[in-house]
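Undergrad: Dropping the structure in here first, questions after.
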Amino acid sequence: MSVISSSEVSSLLQPINAFLHSETPQAWIDEARKEENLRILLTDHLICELKAAQSAMYLLRRYVADEQTSKVLLGWLKPYEDFTYRHEGDWQSLNTKHLSKNVFNVEGLDPFKKDMLDKMVMLIKEELHHFYQVLEIMYELGFDYKSVTSSRYANGLLKHVRTYEPEKLVDKLICGAYIEARSCERFAKLAPHVSEALGKFYVSLLRSEARHFEDYLTLAAAISPVDISERVAHFGAVEKTLIQSHDDTFRFHSGSPVAA
């Protein structure tokens with residue numbers, strides 16, 4: 001993995017920090033740097049990478065793919081879901097070489113759907129590749145995969161999503177933007193407090209995923225019939241509360257840990 005300069009980290013973080021309404025609490029960083037929490041941190045990070053791919057896949061299946069293509073898309077994720085949720089399969093056989101937007105018939109797609117297709121296929125491939133990389137690190141450290149419960153974070157955002165279209169899609173895209181931005185902010189927060197190799201890995205993820213939140217916002221603005229600023233601010237306030245308020249479950253996106 002390549003070394004990335006502190007000035008480049010600052011440059012990548014500038015739009016992310018400007019978008020987020022709060023920084024990660026120091027109490028979360030203090031908990032994350034504890035050696036005994038590394039296994040659960042990596043495990044939850046692994047699952048978050050898969051969930052990010054699943055969220056992007058949902059958007060493609062719901063808004064872009066026809067019925068036949070939708071079935072093909074389900075096959076993309078099945079080996080990863082089998083391993084993660086059903087403990088089936090060999091993690092070393094997982095790869096993203098078979099993922100291609102060529103399975104889509106792009107004729108007749110409007111510009112918005114074509115843009116969503118381009119952005120989400122790239123995001124899915126990157127998230128699944130990062131899933132595999134986290135697994136490699138876990139096994140190098142001697143951590144067998146064992147599933148963990150989810151944090152409150154994503155559901156805490158998604159329960160504010162409106163139920164009618166296109167507002168439902170707009171809100172889901174904005175939620176995706178906040179989840180991606182917070183992930184990148186935490187990569188940067190973690191990097192100085194873990195091993196050099198793991199720190200370089202987290203910074204490489206920051207470089208790779210820094211644009212994801214902007215991709216989601218671009219799509220939200222393109223499909224919304226009105227300016228999205230009000231909804232962005234609304235979800236920003238919700239996300240801030242989830243990050244800053246006390247949380248009794250320590251996870252990659254959890255809030256401020258409750259003192260023991």
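Derivation of every value follows stated rules applied to the coordinates shown; laboratory data play no part. No experiment lies behind these values; they were computed from the predicted model shown. So basically every Cβ, Gly included, is an ideal-geometry build from the backbone, and we count neighbours across all protein chains shown.
Undergrad: Putting +1 on Lys and Arg Cβ atoms and -1 on Asp and Glu Cβ atoms, find which of A27, L13, P79 reaches farthest to the positive end of the dipole of the chain.
TA: P79
Undergrad: Is the shape of the chain best called rounded, prolate or oblate, per the rule: a/c under 1.5 gives rounded, else a/b larger than b/c gives prolate, else oblate, with a ≥ b ≥ c the square roots of the Cα gyration tensor eigenvalues?
TA: Taking the square roots of the gyration eigenvalues as a ≥ b ≥ c, the chain is oblate.
Undergrad: What spacing in nm lies between the two simple spin-label points modelled at I29 and D90, each 7 Å away from Cα in the Cβ direction?
TA: Here the answer is 4.2 nm between the modelled labels.
Undergrad: Then there is this: Assigning unit charges at the beta carbon (Lys, Arg +1; Asp, Glu -1) and nothing else, what dipole magnitude in debye, to the nearest 20, does the stretch 6-244 show about its Cα centre? Don't skip to the end; give the middle numbers.
TA: Numbers: 29 positive and 35 negative charges, 67 e Å.
Computed charge dipole of the stretch 6-244: roughly 320 debye.
Undergrad: With the chain treated as a Gaussian network of Cα nodes joined by springs under 10 Å, which of R182, R207, R62 yields the largest mean-square fluctuation?
TA: Of R182, R207, R62, the most mobile in the Gaussian network model is R62.
Undergrad: Here's a follow-up. Filter K78/K200; K113/K189; K71/K172 down to the pairs with a C-alpha to C-alpha distance above 24 Å, please.
TA: Going by Cα-Cα distance, K78/K200; K113/K189 fall outside the 24 Å limit.
Undergrad: Would you mind putting 34-41, 121-128, 151-158, 230-237 in packing order, based on average other-beta-carbon counts within 10 Å, highest first? Display every interim value, and only then the final one.
TA: Values: 34-41: 14.0, 121-128: 21.4, 151-158: 17.8, 230-237: 15.8.
The densest-packed peptide leads the list: 121-128, 151-158, 230-237, 34-41.
Undergrad: What is the percent of Cα-Cα separations in the stretch 67-200 that go past 22 Å? Spell out each step's value before the answer.
TA: Working: 4872 of 8911 pairs.
Pairs farther apart than 22 Å: 55 percent.
Undergrad: Any idea which of A52, F250, N105 is furthest toward the positive side of the dipole for the chain, if Lys and Arg beta-carbons carry +1 and Asp and Glu beta-carbons -1?
TA: Farthest towards the positive end: N105.
Undergrad: Provide the packing ranking of 168-174, 103-109, i.e. peptides ordered by the mean count of other C-beta atoms within 10 Å per residue, highest first. Intermediate values should be presented prior to the final figure.
TA: Values: 168-174: 22.1, 103-109: 11.7.
Most protected by this proxy first, the peptides run 168-174, 103-109.
Undergrad: Would you list D247, D227 from fewest to most Cβ contacts within 10 Å? Present the calculation step by step, with values, prior to reporting the outcome.
TA: Working: D247 21, D227 9.
In order of increasing Cβ crowding within 10 Å: D227, D247.
Undergrad: Can you put H246, H21 in order, fewest other beta carbons within 10 Å first?
TA: H246, H21
Undergrad: How charged is the neighbourhood of E107? Take every other residue with its Cβ under 12 Å from the Cβ of E107, and add Lys/Arg as +1 and Asp/Glu as -1.
TA: Working: positive: K113, K114; negative: D66, D110.
Neighbour charge sum, excluding E107 itself: 0.
Undergrad: Still on this structure: When only alpha-carbon atoms count, how far does the stretch 143-260 stretch along each of its three principal axes, as whole angstroms with the largest first?
TA: Result, largest extent first: 47, 32, 25 Å.
Undergrad: Another question, then. As a test of the formula, what do you get for the chain when each DSSP H run with n ≥ 4 contributes -39,500 (n - 2.57) and the sum is divided by the residue count, at 222 nm and rounded to the nearest 500 deg cm²/dmol?
TA: Details: 10 runs with 169 residues, N = 260.
Mean residue ellipticity, 222 nm, calculated: -22000 deg cm²/dmol.
Undergrad: Is the shape of the stretch 1-63 rounded, prolate or oblate, going by the alpha carbon gyration tensor and its root eigenvalues a ≥ b ≥ c, with a/c under 1.5 for rounded and a/b larger than b/c for prolate? Please report the intermediate quantities before stating the final value.
TA: Numbers: a/c = 1.75, a/b = 1.22, b/c = 1.44.
Here the stretch 1-63 falls in the oblate category.
Undergrad: Let me ask you something else. When all C-alpha to C-alpha distances in the stretch 21-132 are sorted into bins of 5 Å, what percent of pairs does each bin hold, rounded to whole numbers?
TA: 2, 10, 19, 19, 15, 12, 9, 8, 4, 2, 0
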